[in-house]
Structure formats: structure tokens, C-alpha cells
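Enquirer: Below is a structure I'd like to ask you about.
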Amino acid sequence: MLRRFVARELRAVLWVRVQIRTAERLTVLSGELLVRGQGDAEYVRYPSGTCFEVAAESSFDIKAEVPSAYLCELLYAAGPGPS
């Protein structure tokens, strides 16, 4: 499995809907994120030090109520990788 890493910092209260093509693993580095997966009714809290995965070709809602940072790993199946 190939991986590419992207770090992001959320400095203000924020709500974003994220559409993804590639599976992702997000690790909360600081603060806390609230995440609602595609089709889910409720948000799940992920405090600093926890992680969650999102399937390819899906979307999720992410909220930060306090300044937070997370690391996003884009998970690619073995093969040629992204272009």
C-alpha cells in the first residue's frame, strides 16, 4: 500500500463537507474533531491521539469546535499510485 501524507491545521470553529476519491486515514494531532460519515446521522468525537478511516469514493462532514490539527494519509492500493 502506498501512502501520501498531508498535515492540516484548523484554527477556528469550522464545518466542512469533504468529498474523497481515495481512501484516507486521519489522525488527530491536537484538539478534537467531530466527524459524520456519509449517510450517518450522528457525529463521532475524535480527540487528540485517535484516528479514523474513510472509504474511497465517499464523503464525510468534519467539524472543529476548538483549534485542531490532523494528519491525513491518502491510502492507495499497490500499483502505479496517483498521477
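The values are calculated or read from the model by the stated rules, or taken from the named source; none is laboratory data. Keep in mind the model is a prediction, meaning the values are calculated, not measured. When we count neighbours, we look across all protein chains shown, and the Cβ atoms used for this are built from the backbone with ideal geometry, even at glycine.
Enquirer: Restricting the search to the range 62-77, which residues are assigned to a strand (DSSP E or B) and under 18 Å from residue 47 (Cβ atoms)? Outline the logic, then answer.
Expert: Let us first name the residues in the range 62-77 that are assigned to a strand (DSSP E or B), namely 62-64, 68-76.
62, 63, 64, 68, 69, 70, 71, 72, listed by residue number.
Enquirer: Under the condition of being part of a strand (DSSP E or B) and of a type in the set (Val, Ile, Thr), which residue from the range 40-61 is modelled with the lowest pLDDT? Lay out the reasoning, then the answer.
Expert: Restricting attention to the range 40-61, the residues satisfying the condition of being part of a strand (DSSP E or B) are 44-47, 51-54, 58-61.
Subset that is of a type in the set (Val, Ile, Thr): 44, 54.
Working: 44: 96, 54: 90.
The residue in question is 54.
Enquirer: Can you list residue pairs whose Cβ atoms sit under 7 Å apart, with the first residue in the range 31-47 being more than 17 Å from residue 58 (Cβ to Cβ) and the second being aliphatic (A, V, I, L, M) and assigned to a loop (DSSP other than H, G, I, E, B)? Count only pairs 6 or more apart in sequence or on different chains.
Expert: 31/66; 32/66
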